[in-house]
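The values are calculated or read from the model by the stated rules, or taken from the named source; none is laboratory data. For clarity, every value in this text was computed on a predicted model and none was experimentally measured. Counting neighbours? That spans all protein chains shown, and the Cβs are built from the backbone with ideal geometry, glycine included.
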Amino acid sequence: MSKKNKGHFLYRTTIALFRFFFKLCYRLKIYGLEHHFTGGALIASNHASFFDPPLLAVAWPEEVYFLARETLFNIPLFGRFIYALNARPVRGTAKDIAVFKLLCSLLEEEKKIILFPEGSRALNNRLGPLKQGASFLILRTHKAIIPAYIHGTYDVWNRKRKFPKLFGKISCIFGSPLRYQEFASLEKKAAEAALTQRLKERILALKEWFEAGAQGSPP
């Protein structure tokens, strides 16, 4: 088996294990797959738990990539799991040159990349301020952002808990994509700020849609 095929096998196997785990223990529900499209894009979500990256990888119907702090790869077993899930170790943010080049290369290969624009796991169960790295990247690569909202992972494994609860309810909601063209007429800094604000509004809209009963298609 080639190294590339071995990598795909590990990814598929790990995803299958996580899918079984999330459905068995947390009754995972997924909404918004009608917004799926082919081509490179960012999937930008709220972030409250270690479970969020593998959850998004399970929920999205194609192979995804994401960035993780180098230190996370030193955690026994967890580091191997996230590497098998196409995690790439980085130091810094999307505006740092090395990170920016890595993200650009993945987008040019038409990959989907998971980003958490809050920058780190939330201290509480509220969406915090968003950094502008995702907007910076999209406006320069002319790709799209897929907003996502994760419900329930904070309750089962937030940063205050050493270990996760074994049972609970988790849901993942994907929204319609934000296109760079909507902001192309603005000056760069203004466009970054406007896109970041719109992204926050869209994530919160997904939260409201879910809490109102999840009727129809997510916005």
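Just a few scattered comments:
- Selection from region 137-161 of residues that are farther than 13 Å from residue 44 by Cα, of a type outside the set (Val, Ile, Thr) and not in a loop (DSSP other than H, G, I, E, B): 139, 140, 151, 154, 155, 157
- Just one residue in the set 169, 165 is closer than 17 Å to residue 50 by Cβ, surrounded by fewer than 16 Cβ atoms within 10 Å (Cβ to Cβ) and among the charged types (D, E, K, R); that residue is 165.
- Residue 117 being surrounded by 19 or more Cβ atoms within 10 Å (Cβ to Cβ) and in a strand (DSSP E or B): no
- Where a residue in region 47-58 is free of Cβ contacts under 8 Å to residues at least 24 places away in the same chain and its partner, wherever it lies, is in a loop (DSSP other than H, G, I, E, B), with Cβ under 9 Å and at least six apart: none
- Subset of region 165-212 (residues that are more than 20 Å from the chain's Cα centre (by Cα) and not in a helix (DSSP H, G or I)): 165, 166, 167, 168, 184, 185, 186, 187, 212
- Only one of the listed residues (101, 112, 131, 143) is in contact with a Gly (Cβ under 6 Å, 6 or more places away or on another chain) and closer than 15 Å to residue 65 by Cβ. That residue is 143.
- Matching residues in region 66-101 - criterion: being at pLDDT 80 or above, small (Gly, Ala, Ser) and not in a strand (DSSP E or B): 79, 98
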